[in-house]
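Step one of this worksheet: look at the structure below.
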Amino acid sequence: MSEYKTIHGVKVRSYTTDPDNLILGQVWYDKTNKVLQFQGAGAAAWATGGNLNTARSLSAGAGTQTAGLAIGGTVPPDNSTVNTEKYNGTAWTEVGNLNTARGQLKGAGTQTAALAFGGVGESANTESFNGTSFTEVADLNTARRQFAGSGVQASAIISGGNDGTTVGINSAESWNGTCWTEVANLNTARNALAGAGVSNTSAIAFGGYSTPADANQVANESWNGTAWTEVANLNTARENLGSLGIATAALAFAGSRGPAGPTGFTENWNGTSWTEVGDISAAHSNACQGSGTNTAGLAFGGLTPSGFLNSTFEWNDPTLVVKTVDVD
Amino acid sequence: MAKTYQYCVAENWGKGFIDHDESHRITFVGYPGNVWQVPAYNKHGNLWIAKVAGVVKTKDEAQTIVTAVIDAAQDTWDADNVDGESADEKIARLGDKPADITLTE
């Protein structure tokens, strides 16, 4: 029988803790736990997280997988809520409420420095969150709901949505930390779309639907601070989908495919194209905006035929993971 | 014909109900009524059902549960009307009518 040293030219080293700067395929002996371990490729998948205290759909999200925010939303039977919760990677805790109850809004920023804007009733309200409470700041120029929004507290971009007159508008606005300014329009006017991005100069907007209802969209557009450019489409057309990440590394998840019903499909955007990855186990429409990144993301809430979800789903796409070898 | 999936009823308690390793090893599909589908004849599927104390159901039993929830949701959708509202406006307000779901053996 060949020995490891014969094949690789080196012996398996022993460590009391995981060695630093691991590389794919590296093998070592864990002296503490008396097991053989190796560095394997990661596996992207959704796992369940701690349940929300208040089941909801179409809420705004902000923050990270282990420091997230669920802001407002729609609660049973079909009401807007001011309720806001923060997530610590394990459980949700209620924090200061929005000043104006609303669903179908979007958010940006972190758990301690967030922004929530727009929403049902065709709200123009923008509220700033400091980790404890919300304060009203400058309004949107065009009140709207079911739009795409992304960014951070001091720099955000919104596009599309429903202004109460037209279901599926193309206007966009940029937030500079103080006020909203109208900027170049989307190429494809639509409603119930999603977005991802880190500032008012870098974002994408994708999915949604154009009137008549159920003309679901796969369109994806990229924003560079000046103009929207059409880029590679989603694989599955859908509306009221969830999103998280930045303009070059995002996830699209869940949503409604019209008469085909809700889906748990998840797609990963690498800045060039969308790739189908592992589904969320609970297909749902009216997804809440997610938070985090496309390697460590957070999704929560949504709507199924059973009702409003209080479920949370944690997305992990580790590049490398430590694996233990079973040795009889 | 050998079945492809098995079904159980279990309530999602949150963190740890489906962990990352389980989600990577097998495909979970959740249906209305706390019905969960996992691969049949699969060690990891069996271990997960045991972990969550899932009540195993035949495909027909699971279908009955799912259909009852969908029927109720469809009835609720049908009964929710606003005077003068068009079909498109109703869909914009409520979303699409819940679609029938057919489970796979």
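The values are calculated or read from the model by the stated rules, or taken from the named source; none is laboratory data. The structure displayed is predicted, hence computed values, not measured ones. Note that each Cβ is placed from the backbone with ideal geometry, even for glycine, and that neighbours are counted across all protein chains shown.
A few remarks follow.
- Residue selection: residue A:287 fails the criterion of being touching a strand residue (DSSP E or B) at 6+ places or on another chain (Cβ under 8 Å), in contact (Cβ under 8 Å) with a residue 40 or more places away in the chain, assigned to a strand (DSSP E or B) and buried (at least 19 other Cβ atoms within 10 Å of the Cβ).
- Candidates B:59, B:3 - the one that is touching a helix residue (DSSP H, G or I) at 6+ places or on another chain (Cβ under 8 Å), more than 13 Å from every other protein chain (Cβ to nearest Cβ) and either surrounded by fewer than 14 Cβ atoms within 10 Å (Cβ to Cβ) or modelled with pLDDT of 95 or more (or both): B:3
- Candidates A:143, A:108, A:138, A:101, filtered to the one that is over 21 Å from residue A:303 (Cβ atoms), surrounded by 19 or more Cβ atoms within 10 Å (Cβ to Cβ) and either at pLDDT 95 or above or small (Gly, Ala, Ser) (or both): A:108
- Annotation note: of A:286, A:316, the sole residue that is at the interface with another protein chain (Cβ under 8 Å from one of its Cβ atoms) and closer than 30 Å to residue A:37 by Cβ is A:316.
- Verdict on residue B:51 being out of contact with any Pro (no Cβ under 8 Å at 6 or more places or on another chain) and surrounded by fewer than 16 Cβ atoms within 10 Å (Cβ to Cβ): yes
- Residue match in segment A:211-223 (condition: within 14 Å of chain B (Cβ to nearest Cβ), in contact (Cβ under 8 Å) with a residue 24 or more places away in the chain and within 18 Å of the chain's Cα centre (by Cα)): no
- Hey, residue B:54 free of Cβ contacts under 8 Å to residues at least 60 places away in the same chain, within 8 Å of another protein chain (Cβ to nearest Cβ), in contact with a Phe, Trp or Tyr (Cβ under 8 Å, 6 or more places away or on another chain) and among the small types (Gly, Ala, Ser) or not: no
- Top-ranked residue of segment A:289-313 - restricted to ones that are of a type in the set (Gly, Ala, Ser) and within 12 Å of chain B (Cβ to nearest Cβ), ranked as farthest from residue A:81 (Cα to Cα): A:296
- Search result, residues across segment B:24-46 that are out of contact with any helix residue (DSSP H, G or I) (no Cβ under 6 Å at 6 or more places or on another chain) and surrounded by fewer than 21 Cβ atoms within 10 Å (Cβ to Cβ): B:24, B:27, B:29, B:34, B:40, B:41, B:42, B:43, B:46
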